[in-house]
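Q: Quick one: this structure, given as structure tokens, is what I'll be asking you about.
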């Protein structure tokens, strides 16, 4: 695979505010290209048909003095800027049909300035060009050491050597020499065992950096289970006294800063998923967002003022009382090497990462297998006639699907199969006008799956 280096001057920084930094991306790859920029967990700015030399500007949030961004450059002339998954490099690689040509760059930028000496030089050199005092006319009076060496060595060595060194120091000096060496039950390097084993070196704690909503958790809902310089494993727990209607966990899963958002419903205690997040290269941390919802009307643990917003990529569903917690997870194991710390700092968890990648691929394949194809839909509903209208029954902006999110999800009901989800062009969705049980979007009920 040919590697296209990042052109010089393609990415520059502009202003630095308290916790944000301005980034300018210049299109220096070819005469015309499409660019997708991800500079946050929920942002993806997509622009098509950008001419050479044109620029795009974004603001990125800084954490521990650094910020991360992903820039994806599309070289296809027919690139669709409405492709809302254009920043998801891993998913594009898994689902792509091979017809798209793009380069992805993951960058980390320091959110600091370098001090430069700007003061002008003095107007003229100092008044004297010579040393402040001339050398003395003659050497000092004495060139010899202040005291001569001793006249001769000591008289003689001791008469006889001591019998042998003691094995351990005595509690107090003895009045006279002992007849034989003292004996100790332990050698100087041995230690008596303690009554109970010492506790294992604990991993770091997650650090809360922001929250949205008024209700704070009673105990930390994230426990770190694995740390090294490239990955951090963690589990999420509902620490409230009541069950949570839903828990959404968003974390960095891909090498290009891609995020994954997983949800579980009716969570009493610990979520079933063992998460493994990627770490930033410079700061050795990873950012995790956790949303907890409370849709109950009685025995609630959230307040009406808890109105955090869950991003669309998490597929939030019903709108309920919601809190959001943003955590910073350290990726460096604080334990000494003999307890699994620095000795394994550079070992990537290949098995855990491979397992997550297999689960991610399986999830995408399962999602695709449950969707009917355009050909299958048109066999049932017929092929739409071209009428030149843009007023389709379902629109891509509401329910996107397909490799490039250029189609729309629809739900069709049949007496034989029940409800089934299809991914079709917008024009095909017009057929739903004649089926009262059909609707736009993926099916949320029924009994058909494939």
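Q: Could you sort 214-224, 406-416 so that the peptide with the highest average Cβ count within 10 Å comes first and the rest follow in order? All intermediate terms of the calculation are to be shown ahead of the outcome.
A: Details: 214-224: 15.2, 406-416: 18.6.
By packing density, highest mean first, the sequence is 406-416, 214-224.
Q: Give me the number: length gained by fully extending residue 414 to residue 332, i.e. 0.36 nm times residue separation minus the C-alpha to C-alpha distance, one decimal in nm.
A: In short, 24.0 nm is gained.
Q: Can I ask one more? Points 7 angstrom from Cα along the Cβ direction at residue 243 and residue 18: gap in nanometres?
A: The answer from the label model is 4.1 nm.
Q: Please work out how much length the chain gains when fully extended from residue 395 to residue 433, using 0.36 nm per residue of separation minus the C-alpha to C-alpha distance, in nm with one decimal.
A: That pair, residue 395 and residue 433, stretches by 12.3 nm at full extension.
Q: Now for a different question. Between residue 205 and residue 281, with labels modelled 7 Å along Cα→Cβ, what's the label distance in nm to one decimal, could you check?
A: Between residue 205 and residue 281, the label points sit 3.3 nm apart.
Q: Under a plain spin-label model, where a point goes 7 Å from the Cα along Cα-to-Cβ, how far apart in nm are residue 444 and residue 307?
A: Label at residue 444, label at residue 307, 2.1 nm between them.
Q: Please report, in cubic angstrom per residue, the volume enclosed by the convex hull of the alpha-carbon atoms of the range 370-440. The partial results should precede the final answer.
A: Numbers: hull volume 6.3 nm³, N = 71.
Hull volume normalised by residue count: 89 Å³.
Q: Let me ask something else. Can you tell me the FRET efficiency between residue 2 and residue 61 if r is taken as the Cβ-Cβ distance and R0 is 35 Å, rounded to the nearest 0.05?
A: Once rounded, the FRET efficiency stands at 0.55.
Q: Let me ask you something else. With r as the distance between the Cβ atoms of residue 319 and residue 30 and R0 = 45 Å, compute the FRET efficiency 1/(1 + (r/R0)^6) and round to 0.05. Walk me through the numbers before you get to the answer.
A: Values: r = 44 Å, r/R0 = 0.98.
The computed FRET efficiency comes out at 0.55.
Just so you know, all these numbers are worked out from the coordinates, no wet-lab data involved. Treat the numbers as computed from the prediction; the structure is a model and nothing was measured. Cβ atoms come from the backbone with ideal geometry, glycine included; neighbour counts cover every protein chain shown.
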